[in-house]
Amino acid sequence: MSANVKNNKTIDNPGDAKRAEAGRIFWRDEDGSLLIFSLFLLIMMLMIAGMSVDLMRSETHRARLQATLDRAVLAGASLEQTLNSEDVVQDYFDKAGLGQFVTGINVVETPTSKMVNASAEMSVGSYFMNMLGVYSLHAPAAGQAEESLTDVEISMVVDVSGSMSQAASSGGTKIDVLKAAAKEFVYLMQCDPDAEQPFDNVCVVEDDTVSITMVPYNHQVMLGEDVIQQFNITEEHTHSSCVDMEADDYNVIPVELDPQLVDPLALPDPDPDVKRSTQLDFWTGYGGSSQKGARDHKRECQPNSGTHPNGSLYSDRNVHLYENDYQDLEDAIDNLYAYGNTSIDLAMKWGAAFLAPEFGPAVTNLANNYGIIPTAFVGRPFSYTRPRSKKVVVLMTDGKNTSKIWVEDQYRDGMSPFYAVRSDHTAIPGNNWNAETDHLTVYSEARDNAGNKPYRH
């Protein structure tokens, strides 16, 4: 009797022994193991490559969405954009075939800036990652664009004619309403554009970026003697500082400056083109139709100095050039008073002229030699084409032009029919005469053979 014994076990069947040995050999054999590992690697590589394809597709769509959004918000935020900014942004997406993916558009606009932000999102279906349970990828886009003006030049043209003393529908007088609006405007422009009443005087506007010129007007605009001397002005007198404009003067924006201010080597102009207004009072009748009694507050242009019968200074109605302090402007606004007729065309002429680049030498002179304008504004008015700057004329008025009177050209010099026949403090009956403040000068008003007056409306 024979038997195979191994590991204390007896194998009675030789076939079983062979199979056991073959199993041991197979178990120990490493042939083909790399193939299995390679199959696992191949599957992983295919999965990674598939994920990459899905991610690349998602990024392609996201980049297209972001590029469209960037262009859209830049166009919407442009200060030169005249269309509604929200509509502009949406239209960009619609034209790109992406309009349905816009999730939000927000526009914040102030007088000196515009900010537009937008967001969009699309879902990109996956081709390979869905095997892992990821059926889509989100492709978001967001952006914001803002354009602001670093330098702003404003002319605020305010109506102080007699009609402004009338009652306003909201209560008080029209001049009261104008003063409140003007003070609010200068605060918003030079302190905080986003402020709401009541103001806290905490300013966020950078100093010396916004200049405001205030131009009070009735039938005339009072410049002040220092300012009027910057122009190529006639020198009949220096009692007042207004200018009579001709029709052709309204075809151009600038008012001609003193040639020696523009070119220090230039000779004085023997025949200045800018005509100073006369000192006549065409309103106060005295001694018949051929004579006029001149009272200071009723003159064509009120004097440079002195006090109005209402207690205000005549100079309170002078222009204020290139102010950088809203509090100084508010004080000047408070001092305004209503009197006289209305010449909106003349006022707008001056409002625009003070912003014309040709006025630059006068700004420099008034800043450096007179202290009337802050030196920070030397170099203004800027060119019309200067980037990131803006010029604005704001007109505040209650109505339309009335009448203005001025002396006919042929009577401005030479043997004029105007001459003083007396000058004193004698009262004019029925004209609310104030002997303390009113000075009477009676002028002869000779007329030609046809009876025409030497002045006109």
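Amide H contacts for residue 122 (H built 1.01 Å from N in the peptide plane; partners 5 or more residues away or on another chain; cut-off under 5 Å): 139.
DSSP beta bridges confined to region 132-236 are antiparallel in about 10 percent of cases. FRET efficiency for the residue 261 to residue 95 pair, using the beta carbon distance and R₀ = 41 Å, is estimated at 0.15.
Applying both filters, DSSP loop and at most 15 other Cβ atoms within 10 Å, to the GluC sites (Glu not before Pro) of region 78-161 gives 80.
Convex hull volume of the C-alpha atoms in region 38-148, normalised per residue: 88 Å³.
When each of the peptides 222-231, 394-403, 34-43 is scored by the mean number of other C-beta atoms lying within 10 Å of its residues, the order from highest to lowest reads 222-231, 394-403, 34-43. Taking amide hydrogens as placed 1.01 Å from N in the peptide plane, the amide H of residue 313 sits under 5 Å from those of 308, each at least 5 positions away in sequence or on another chain. Between amide H atoms placed 1.01 Å from N, distances below 5 Å from residue 156 occur with 213, 214, 215, 394, all of them 5 or more places distant or on a separate chain. Packing order of peptides 204-217, 327-340, highest average first: 204-217, 327-340 (average count of other Cβ atoms within 10 Å over each peptide's residues). Taking packing as the residue-averaged number of other Cβ atoms within 10 angstrom, the listed peptides 343-354, 382-393 run from highest to lowest as 343-354, 382-393.
In a DSSP loop and with at most 15 other Cβ atoms within 10 Å, the chymotrypsin sites (Phe, Trp or Tyr not before Pro) in region 68-144 are 127, 135.
Readers should treat all values here as calculations from the given coordinates under stated rules, not as data from a laboratory. Just so we're clear, the structure is a prediction, and the values are computed from it rather than from any experiment. Reconstructed Cβ throughout: ideal geometry from the backbone, glycine too, with neighbour counts over all protein chains shown.
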